[in-house]
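Input: a single structure, listed below in structure tokens.
The values are calculated or read from the model by the stated rules, or taken from the named source; none is laboratory data. Note that the structure is predicted; figures quoted are calculated from it, not measured. Cβ sites come from the backbone with ideal geometry, for glycine too, and all protein chains shown count toward neighbours.
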Amino acid sequence: MMTDEIILEVKNLSTYFHTEQGQVKAVDHVSFVLRDGETLGIVGESGSGKTVLNLSILRLLPSSVTVHAGGQILYRGRDMMSLNESELQQIRGNKISMIFQDPMTSLNPYMKVCDQLMETLILHQGLDKKTAKEKSVELIKHVGIPDPKIRAEQYPHQFSGGMRQRVMIAMALSCKPDILIADEPTTALDVTIQAQILDLIRELTREMKTSVILITHDLGVVAGICDTVAVMYAGRIVEYGTVDEIFSNPRHPYTQGLIQSVPRLDGSSDHELFSIPGSPPSLVNLPAGCHFQPRCSKAMPICAEKYPPEIVNGNHRCCCWLWHRGEDRG
Amino acid sequence: MVEPLLKVVDLVQHFRISQGFFRVPKIVRAVDGVNLEIHPGKTLGLVGESGCGKSTLARSIIRLYRPTSGKVLFQGSDLAQQEGDALLRTRQNIQMVFQDPHSSLNPRMTIFEIIREPLDIYVRRGLLKMNRGQIEKRVLELMDHVGLSHRWSNRYPHEFSGGQRQRVGIARALALSPKLILADEPVSSLDVSIQAQILNLIKTIRREYQQSYLFISHDLAVVQHICDTVAVMYLGVIVEKAPARELARRPLHPYSQALYSAAPIPDPIKERARRRIILQGDVPSPVSERVGCYFHDRCPHRMPRCQVEKPQLQEVEPGRSVACFLYDKGKSEPR
């Protein structure tokens, strides 16, 4: 369950890349907090910077391509930016772990599943080989894989997509981390398997009191599993709030458009779907002012001049000129 | 009763996979006896999980594969038996839109050339009478229809975003004014805001051209939004067929029930109140020969009979059929 203790605080984080076309502002002035036991959803379309944001938090991006990485990432009060590689090793995979979209490319095809699990346990928990092996079979059983003893001796290619994702979850949760970052964990899976995996993530993180950052483009998944939501557009968080607030009372025109453009199983099919005109901007050549302004139906002259300030309303934050001076113009 | 435009009868599509010289080849039962009908101006949705045979079915219908057995009757003539010009003449009326607009457009052709290619082929074979000017006029007209600017005629596919590439794919499929379009996951690779644009485009075009569609998708909400009738596929067979809204409201087959209960709804309050049916295990491999109901090993309602006997698709309500022993003919309440 969620408490008030803040375990991760991201302040003004920016990650820029240098490319031949120019500077790419993949993550730009992003701030949010993650509380103990909270599940935070980060939604956005492809190229909105969701994944880069999370790779930046774990400092997994090579410094050779990152031009400017400003801001602070405070994990339990310690700034991740000032840690050296060995201090980072103590946190990565141990206190903060990650699961990726495609479990086939993130598991080593040459290693047996149990060996891969043992690696983490030996490295972070200092277990000897025998105990680590026992523990890894136990973990495989815990994530609901049948015949754990036999499966432990197999290679990733012998597992189905859903089972591979279970192995990834077992590995990520083997050290009982404080934070689990799940980057589109169910995107490659079918709906019935997606339901199984989301169920598993929900149960295990509740049991271990782990906070979760869930990156996804699927609003349905967010609605089902998250406590709070951050909506990203072109490298920035444009709206942030509790899941109920975001879905029942979205304030940013982009969030509103996103919610209205999804066909719903419980909706009628007679109407035309709402669609946001145009397509997301290139991060090399961002529009002036608010990045959403060229596609926004409510754009005003000021939107093209200055990036809107963050309007805070209780726990609900939104970057849009419409809400400036607290006027209810939405 | 109106004659259906397309009628698929007992279609079977098996593939042999060789295991080496001395081994007996295995057989993948991708489509294992499918019956369906598409009426003029109607859209049939086909849903199911990956590997259930949705795409293979579409490809067998349009004869990209030669069906193992069964009939594909388009306006009464059997596509499965046609060859050469006769096949091309039928295909003029059946076109396909593919899932991945990256790999289904030739990267070395401009979009103008891509859209005119079907017209060129039919003119060259003498199946269509159009001169050069008419063809060019038609291509520009198609570009207008799908919302592509004429300025972009000479650009190559890589210069476009996914959504625009899918518009090119749709324009190409429309070029020969087909009566039926097979759309295989046309919006799956697109972002939400672009997906809505393409769905609206398909709806508008469908209305203008009075076409029929076979719309394949794994996204149940998309299918319910765009289709009149929906067929649920599992391991190469159709287990339920019903009007789209009815199916979403009250699925009857245990597999459809699990599938629909697993699909998320973007509404936190509704999500909290929902009860999911979590299926055990994965979809079995279509390689092994199966006895009984194909779903019996994962079914929460299985009975001894399900393991030995294969249920047939039977009508339980007007316009609704289910292949499950829980339902008696003409009754939509489980016994």
Filter segment B:227-236 down to the residues that are out of contact with any helix residue (DSSP H, G or I) (no Cβ under 6 Å at 6 or more places or on another chain) and either among the polar types (S, T, N, Q) or crowded, with 24+ Cβ neighbours inside 10 Å (or both), then identify the one that is farthest from B:Ser261 (Cα to Cα).
B:Gly236
Checked segment A:128-153 for anything of a type in the set (D, E, K, R), within 14 Å of another protein chain (Cβ to nearest Cβ) and surrounded by 14 or more Cβ atoms within 10 Å (Cβ to Cβ); matches are A:Arg151
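Being out of contact with any Gly (no Cβ under 6 Å at 6 or more places or on another chain), surrounded by fewer than 20 Cβ atoms within 10 Å (Cβ to Cβ) and within 21 Å of B:Ser55 (Cα to Cα) is the requirement here; does B:Gly147 meet it?
Details: out of contact with any Gly (no Cβ under 6 Å at 6 or more places or on another chain): yes; surrounded by fewer than 20 Cβ atoms within 10 Å (Cβ to Cβ): yes; within 21 Å of B:Ser55 (Cα to Cα): no.
Criteria not met by B:Gly147.
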In segment A:202-229, residues that are more than 8 Å from chain B (Cβ to nearest Cβ), aliphatic (A, V, I, L, M) and under 24 Å from A:Leu265 (Cα atoms) total 4
Given (1) in a loop (DSSP other than H, G, I, E, B); (2) surrounded by fewer than 13 Cβ atoms within 10 Å (Cβ to Cβ); (3) of a type in the set (A, V, I, L, M, F, W, C), number of the condition A:Val312 does not satisfy:
(1)
If you go through segment A:292-301, how many residues are within 14 Å of chain B (Cβ to nearest Cβ) and either of a type in the set (Asp, Glu) or over 22 Å from the mean Cα position of the chain (by Cα) (or both)?
4
Does A:Gly330 satisfy the criteria of being at pLDDT below 90 and either more than 14 Å from every other protein chain (Cβ to nearest Cβ) or closer than 25 Å to B:Gln166 by Cβ (or both)?
yes
Would you confirm, using the coordinates I've provided, whether B:Gly51 is under 30 Å from A:Gly162 (Cβ atoms) and either in contact with a strand residue (DSSP E or B) (Cβ under 7 Å, 6 or more places away or on another chain) or in a strand (DSSP E or B) (or both)?
no
If we keep just the residues of segment A:274-291 that are buried (at least 21 other Cβ atoms within 10 Å of the Cβ) and over 19 Å from B:Gly162 (Cα atoms), which is nearest to the chain's Cα centre (by Cα)?
A:His291
Any idea which of (1) closer than 28 Å to B:Lys54 by Cβ; (2) in a helix (DSSP H, G or I) is the one B:Glu136 doesn't satisfy?
(1)
Residues of segment A:188-199 satisfying the condition of being in contact (Cβ under 8 Å) with a residue 12 or more places away in the chain, in a helix (DSSP H, G or I) and facing chain B (nearest Cβ under 10 Å)
A:Ile193, A:Gln194, A:Gln196, A:Leu198
Among the residues that make up segment A:227-240, is at least one of them modelled with pLDDT under 95, in a helix (DSSP H, G or I), surrounded by fewer than 24 Cβ atoms within 10 Å (Cβ to Cβ) and of a type in the set (A, V, I, L, M, F, W, C)?
no
Among (1) under 30 Å from B:Ala262 (Cβ atoms); (2) surrounded by fewer than 18 Cβ atoms within 10 Å (Cβ to Cβ); (3) modelled with pLDDT of 90 or more, B:Leu88 falls short only on (1)
Which count do you get for residues in segment B:146-181 that are in contact (Cβ under 8 Å) with a residue 12 or more places away in the chain, within 14 Å of chain A (Cβ to nearest Cβ) and among the hydroxyl-bearing types (Ser, Thr, Tyr)?
1
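Closer than 26 Å to B:Ser256 by Cα, touching a helix residue (DSSP H, G or I) at 6+ places or on another chain (Cβ under 6 Å) and surrounded by 24 or more Cβ atoms within 10 Å (Cβ to Cβ): which single residue out of B:Ile216, B:Ile194 fits that description?
Working: B:Ile194 fails: closer than 26 Å to B:Ser256 by Cα.
One residue alone meets the criteria, B:Ile216.
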If you check A:Arg317 against the conditions, is it assigned to a strand (DSSP E or B), surrounded by 16 or more Cβ atoms within 10 Å (Cβ to Cβ), charged (D, E, K, R) and touching a residue at least 24 places away in the same chain (Cβ under 8 Å)?
yes
Evaluate segment B:170-184: report whether one residue or more is β-branched (Val, Ile, Thr), in a helix (DSSP H, G or I) and in contact with a strand residue (DSSP E or B) (Cβ under 7 Å, 6 or more places away or on another chain).
yes
Of the residues in segment B:214-229, those that are within 23 Å of B:Gln95 (Cβ to Cβ) and within 11 Å of chain A (Cβ to nearest Cβ) come to B:Ser217, B:His218, B:Asp219, B:Val222, B:Val223, B:His225, B:Ile226, B:Cys227, B:Asp228
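Looking only at residues in segment A:180-206 that are of a type in the set (Gly, Ala, Ser) and under 25 Å from B:Ser256 (Cα atoms), which one is surrounded by the most Cβ atoms within 10 Å (Cβ to Cβ)? Please lay out each step first, then the result.
Here is the first cut: in segment A:180-206, the residues of a type in the set (Gly, Ala, Ser) are A:182, A:188, A:195.
Right, trim to under 25 Å from B:Ser256 (Cα atoms) and you get A:188, A:195.
Values: A:Ala188: 18, A:Ala195: 24.
Ranking the candidates gives A:Ala195 first.
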Given A:Leu258, A:Leu273, A:Leu265, A:Leu283, which one is in contact with a strand residue (DSSP E or B) (Cβ under 8 Å, 6 or more places away or on another chain) and at the interface with chain B (Cβ under 7 Å from one of its Cβ atoms)?
A:Leu258
Within segment B:189-213, count every residue that is within 12 Å of another protein chain (Cβ to nearest Cβ) and touching a residue at least 60 places away in the same chain (Cβ under 8 Å).
1
